[in-house]
Amino acid sequence: MAHLSREEAAGLLERFHRHLRDHRLPVTPQRTLIARVLFESDEHLSVEAIERRLKQMGARVGTATVYRTLDTLVESGLLRTHDFGEGFRRYEPVASSPQHEHLVCLRCGAVHEFQNDRLERMLPVIADEFHFQHQRHRIEIYGLCRDCRQRDLGGLLK
Ligand SMILES: [Zn+2]
Ligand SMILES: [Zn+2]
């Protein structure tokens, strides 16, 4: 995930607080901290990674709280869930950035993002061929990342 600017992260946090208030949920320091970890990261974090960051920040937040807060963030529309078939989920903030797709390395788990205008234009056309109205999509390409291939080839890739 492209790193959000300070203002974008603050904007998402503000929207999250509003969502909590609208749903009569208390704005707690733990919820705020979990949201900040996600909004300020440039990775697609797993629950384990989120807990690691919280610990590094010296915060004591239970796993149940992390899961509940993630659910609330997803409900609020500020967080996207990904299942890359690793047996756990990853999360990324929904920024105002354009639609992007993912390349997932099956060996090291690295997640790269790409944007392709031609692809984005093609999908509604394909859907239309099936008399289907396109609303949204997600595309994941699985394979070996550059670093892993490089290792296999002993540095032959340029
Ligand atoms: Zn992404
Ligand atoms: Zn890899």
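For the chain, the residue among TYR91, GLY58, CYS148 whose Cα projects farthest onto the positive side of the dipole built from Cβ charges is GLY58. Backbone geometry of segment 25-35 corresponds, through the Karplus equation with coefficients 6.51, -1.76 and 1.60 at θ = phi - 60°, to 3J(HN,Hα) couplings of 9, x, 7, 9, x, 5, 4, 4, 5, 4, 4 Hz, x marking Gly and Pro.
How high is the FRET efficiency between ALA49 and VAL125 when r is their beta carbon distance and R₀ equals 41 Å, given to the nearest 0.05? For ALA49 and VAL125, the calculated efficiency is 0.65.
On the beta carbon distance between VAL27 and PHE132, with R0 = 41 Å, the FRET formula returns roughly 0.50. Phi angles of segment 59-72 translate, via the Karplus equation with coefficients 6.51, -1.76, 1.60 and θ = phi - 60°, into HN-Hα couplings of 8, 10, 10, x, 4, 4, 5, 4, 4, 5, 5, 4, 4, 5 Hz per residue; Gly and Pro are given as x.
Rounded to the nearest angstrom and ordered from largest down, what semi-axes does the equivalent ellipsoid of the chain get from its C-alpha gyration tensor (root of 5λ)? The partial results should precede the final answer.
Working: eigenvalues 182, 107, 37 Å².
Each semi-axis is √(5λ); the values are 30, 23, 14 Å.
Can you tell me how segment 6-93 classifies by the Cα gyration tensor, rounded, prolate or oblate, using a/c under 1.5 as the rounded cut? Because its axes are fairly even, with a/c under 1.5, segment 6-93 counts as rounded. With a cut-off of 14 Å between beta carbons, the residues surrounding GLN99 carry a summed charge of -1, where Lys and Arg count +1 and Asp and Glu -1. Remark: segment 36-41, residue by residue, has Karplus-estimated 3J(HN,Hα) of 5, 4, 6, 6, 9, 9 Hz, where x stands for each Gly or Pro and the curve is 6.51 cos²θ - 1.76 cosθ + 1.60 at θ = phi - 60°.
Length gained on full extension, ARG118 to TYR67: 14.7 nm, using 0.36 nm per residue less the C-alpha separation.
Please determine, in degrees from 0 to 90 and to the nearest 10, the orientation of helix 6-22 with respect to the longest principal axis defined by the Cα atoms of the chain, where the helix direction is its Cα long axis. Approximately 60 degrees, to the nearest ten. Hey, with R₀ at 41 Å, roughly what FRET efficiency would LEU157 and ARG6 work out to, going by the Cβ-Cβ distance, to 0.05? Computed FRET efficiency for LEU157 and ARG6 comes out at 0.70. For segment 1-127, a crude dipole built from +1 on the beta carbon of Lys and Arg and -1 on the beta carbon of Asp and Glu, taken about the Cα centre, is about 480 debye to the nearest 20. For the chain, CYS108, CYS148 stand unpaired, since no other cysteine beta carbon lies under 4.7 Å from theirs.
The numbers here are math on the coordinates, done by the rules we state, and not lab data. These numbers were taken from a predicted model, which means no experiment stands behind them. Note: ideal-geometry Cβ built from the backbone for every residue, glycine included; neighbour counts use all protein chains shown.
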